[in-house]
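Since the structure comes first, as structure tokens, the remarks are kept for the end.
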Amino acid sequence: MKPYHHGKDLPNVHLPSLEHIPFLKGQKALVTGANSGIGKGVAIGLAHAGADVVVNYVVGDDEAQKVVEEIKSECSGVRAIAIRADISKEEDVKSMFSKMIDEFGTIDILINNAGLQRDAPIDEMTLEQWNTVIGVNLTGQFLCAREAIREFKKRGVNPEVSCAAGKIIHMSSVHEVIPWAGHVNYAASKGGVMLLMKSLAQECAPYRIRVNSICPGAIQTPINTNAWSTEEALKELLTLIPYNRIGKPEDISNVAVWLASDFSDYINGTSIFVDGGMTLYPGFAAGG
Ligand code: BGC
């Protein structure tokens, strides 16, 4: 058998989905940056698994509203609301959490997803580009985690809902371990997320709070359009992915749903790479 290549000779596979298995029923989830890309996919995935969902966004009211409508129409009995907040701002984060708690009563699952890129070679990178990326990708994850943990600790475990008092899933990246020239702000933010996650997991485990990360590789979303939108770019991208296909938001949401559920109750402080093998040093497959 020959290895498969992306494109014509790749069989048309359908990812299974955890839809309609309501193992998150009754849980309240907040997904930051849920109006597009991975966040949108995860919000919809959690709702299909029965969770009520807050769709956070900072720009794009219409897109956020569409995600809410999609959830309401596809997932009967599930509640969804959109809340605007810039997660890099402490006041916005506090007010988002108090709105969520007013509406839903509590939070059980935080998907710390919102993130962005402001790429530039180091000698051209402005302090603003650096601060924007660190502000959203790292400080934003800290601010949201802190508010969620305050509520988890206040409430404790409700055994009718989950074995844990709360679950936090950080959306990190393969770039928490793969250095990325031309993207030092982004790579530094994700390296930071790795030890933010592990330190929180260590600190909060005694309270039955689970903290883990998902590290996506190249997932087909607006953040990396230039890596997949032309045939040439896609071909080059695939040299970095042993599994030879670009990822889809469902690849991430399937893992997020499971990681937020009690099926993964003994997993704490772990980075799960969902990357088609991008972290396997693909250059060494034929060299070294
Ligand atoms: C980045 C994408 C990139 C991927 C793999 C992600 O974290 O946001 O732009 O395609 O890593 O390099």
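The values are calculated or read from the model by the stated rules, or taken from the named source; none is laboratory data. The structure displayed is predicted, hence computed values, not measured ones. We place every Cβ from the backbone using ideal geometry, glycine too, and count neighbours over all the protein chains shown. To get the accessible areas, we keep the full protein, side chains included, count just its heavy atoms, and leave off ligands, DNA and RNA. Shrake-Rupley method; radii C 1.70, N 1.55, O 1.52, S 1.80 Å.
Tell me yes or no: at least one residue of the stretch 256-271 is within 16 Å of the ligand (Cβ to nearest atom), out of contact with any His (no Cβ under 6 Å at 6 or more places or on another chain) and β-branched (Val, Ile, Thr). Break it down stepwise before answering.
Step one: filter the stretch 256-271 for residues within 16 Å of the ligand (Cβ to nearest atom), giving 256, 271.
Checking which are out of contact with any His (no Cβ under 6 Å at 6 or more places or on another chain) leaves us with 256, 271.
Adding the requirement that they be β-branched (Val, Ile, Thr) leaves none.
Among the residues of the stretch 256-271, not one is within 16 Å of the ligand (Cβ to nearest atom), out of contact with any His (no Cβ under 6 Å at 6 or more places or on another chain) and β-branched (Val, Ile, Thr), which makes the answer no.
I'd like to know if the stretch 121-140 contains one or more residues that are exposed (fewer than 15 other Cβ atoms within 10 Å of the Cβ), touching a helix residue (DSSP H, G or I) at 6+ places or on another chain (Cβ under 8 Å) and modelled with pLDDT of 95 or more. Give the derivation first.
Step one: filter the stretch 121-140 for residues exposed (fewer than 15 other Cβ atoms within 10 Å of the Cβ), giving 121-124, 126-128, 131.
When the remaining residues are screened for being touching a helix residue (DSSP H, G or I) at 6+ places or on another chain (Cβ under 8 Å), the result is 122.
Now restrict to residues that are modelled with pLDDT of 95 or more: 122.
Yes, the stretch 121-140 has at least one match.
Return yes when Ile241 is open to solvent by less than 20 Å² (accessible area, probe 1.4 Å), in contact with a Pro (Cβ under 8 Å, 6 or more places away or on another chain), within 15 Å of the ligand (Cβ to nearest atom) and over 15 Å from Leu116 (Cα atoms) and no when it is not.
On the way: open to solvent by less than 20 Å² (accessible area, probe 1.4 Å): yes; in contact with a Pro (Cβ under 8 Å, 6 or more places away or on another chain): yes; within 15 Å of the ligand (Cβ to nearest atom): yes; over 15 Å from Leu116 (Cα atoms): yes.
Yes, satisfied.
Kindly indicate whether any position in the stretch 217-228 is assigned to a loop (DSSP other than H, G, I, E, B), open to solvent by 30 Å² or more (accessible area, probe 1.4 Å) and in contact (Cβ under 8 Å) with a residue 40 or more places away in the chain. Explain how you work it out, then say what you get.
Of all residues in the stretch 217-228, those assigned to a loop (DSSP other than H, G, I, E, B) come to 217-218, 220-221.
Next, only the ones that are open to solvent by 30 Å² or more (accessible area, probe 1.4 Å) stay: 220.
So of that shortlist, the ones also in contact (Cβ under 8 Å) with a residue 40 or more places away in the chain come out as none.
No, the stretch 217-228 has no match at all.
Within the set of pairs 6 or more residues apart or between chains, which connect a residue that is within 14 Å of the ligand (Cβ to nearest atom) inside the stretch 103-117 to a residue that is open to solvent by 10 Å² or more (accessible area, probe 1.4 Å) and among the hydroxyl-bearing types (Ser, Thr, Tyr) with Cβ atoms less than 6 Å apart?
Gln117/Tyr186
Can Asn254 be described as in a helix (DSSP H, G or I), open to solvent by less than 70 Å² (accessible area, probe 1.4 Å) and in contact (Cβ under 8 Å) with a residue 40 or more places away in the chain? Explain how you work it out, then say what you get.
On the way: in a helix (DSSP H, G or I): yes; open to solvent by less than 70 Å² (accessible area, probe 1.4 Å): yes; in contact (Cβ under 8 Å) with a residue 40 or more places away in the chain: yes.
When the stated conditions are applied, Asn254 passes them.
Within the stretch 156-173, which residues are outside any strand (DSSP E or B), more than 16 Å from the ligand (Cβ to nearest atom) and either within 30 Å of Leu116 (Cα to Cα) or open to solvent by less than 10 Å² (accessible area, probe 1.4 Å) (or both)? Steps first, answer last, please.
Narrowing the stretch 156-173 to residues outside any strand (DSSP E or B): 156-165, 172-173.
Those still in the list that are more than 16 Å from the ligand (Cβ to nearest atom) too: 156-165.
Those that are outside any strand (DSSP E or B), more than 16 Å from the ligand (Cβ to nearest atom) and either within 30 Å of Leu116 (Cα to Cα) or open to solvent by less than 10 Å² (accessible area, probe 1.4 Å) (or both): Ser162, Ala164, Ala165.
Which number in (1) within 16 Å of the ligand (Cβ to nearest atom); (2) closer than 26 Å to Ala148 by Cα; (3) not charged (D, E, K, R) marks the one condition that Pro282 misses?
Checking Pro282 against (1) within 16 Å of the ligand (Cβ to nearest atom); (2) closer than 26 Å to Ala148 by Cα; (3) not charged (D, E, K, R), the one that fails is (2).
Within the stretch 269-288, work out how many residues are in contact with a helix residue (DSSP H, G or I) (Cβ under 7 Å, 6 or more places away or on another chain), crowded, with 19+ Cβ neighbours inside 10 Å and either assigned to a loop (DSSP other than H, G, I, E, B) or without any contact (Cβ under 8 Å) to a residue 40 or more places away in the chain (or both).
Matching residues across the stretch 269-288 total 1.
Only residues that are part of a strand (DSSP E or B) and open to solvent by 10 Å² or more (accessible area, probe 1.4 Å): list them for the stretch 41-57, please. Walk me through how you get there before you give the answer.
Here is the first cut: in the stretch 41-57, the residues part of a strand (DSSP E or B) are 52-57.
Of everything in the stretch 41-57, those that are part of a strand (DSSP E or B) and open to solvent by 10 Å² or more (accessible area, probe 1.4 Å) turn out to be Asp52, Tyr57.
Take the residues in the stretch 196-216 that are of a type in the set (A, V, I, L, M) and open to solvent by 10 Å² or more (accessible area, probe 1.4 Å); name whichever of them is farthest from Val136 (Cα to Cα). Before the answer, list the steps.
From the stretch 196-216, those of a type in the set (A, V, I, L, M) are 196-197, 200-201, 205, 209, 211, 214; that's our starting set.
Restricting the remaining residues to those that are open to solvent by 10 Å² or more (accessible area, probe 1.4 Å) gives 196, 200, 205.
Numbers: Leu196: 14, Leu200: 18, Ala205: 25 Å.
Step by step, filter the stretch 196-216, then rank; the result is Ala205.
Let me confirm something: among Val193, Val184, which residue is more than 9 Å from the ligand (Cβ to nearest atom), farther than 29 Å from Arg150 by Cα, among the hydrophobic types (A, V, I, L, M, F, W, C) and surrounded by 17 or more Cβ atoms within 10 Å (Cβ to Cβ)? Walk me through it before giving the result.
Working: Val193 fails: farther than 29 Å from Arg150 by Cα.
Sole residue among the options that is more than 9 Å from the ligand (Cβ to nearest atom), farther than 29 Å from Arg150 by Cα, among the hydrophobic types (A, V, I, L, M, F, W, C) and surrounded by 17 or more Cβ atoms within 10 Å (Cβ to Cβ): Val184.
Does Gly60 satisfy the criteria of being in contact (Cβ under 8 Å) with a residue 24 or more places away in the chain and crowded, with 17+ Cβ neighbours inside 10 Å? Talk me through it step by step, then tell me what you get.
Values: in contact (Cβ under 8 Å) with a residue 24 or more places away in the chain: yes; crowded, with 17+ Cβ neighbours inside 10 Å: no.
No: the conditions fail for Gly60.
Answer with yes or no whether Arg146 is under 24 Å from Phe263 (Cβ atoms), more than 13 Å from the ligand (Cβ to nearest atom) and either at pLDDT 95 or above or open to solvent by 50 Å² or more (accessible area, probe 1.4 Å) (or both).
Numbers: under 24 Å from Phe263 (Cβ atoms): no; more than 13 Å from the ligand (Cβ to nearest atom): yes; either at pLDDT 95 or above or open to solvent by 50 Å² or more (accessible area, probe 1.4 Å) (or both): yes.
No.
Examine the stretch 89-99 for a residue that is loosely packed, with under 13 Cβ neighbours inside 10 Å and in contact with a strand residue (DSSP E or B) (Cβ under 8 Å, 6 or more places away or on another chain), and state whether such a residue exists.
no
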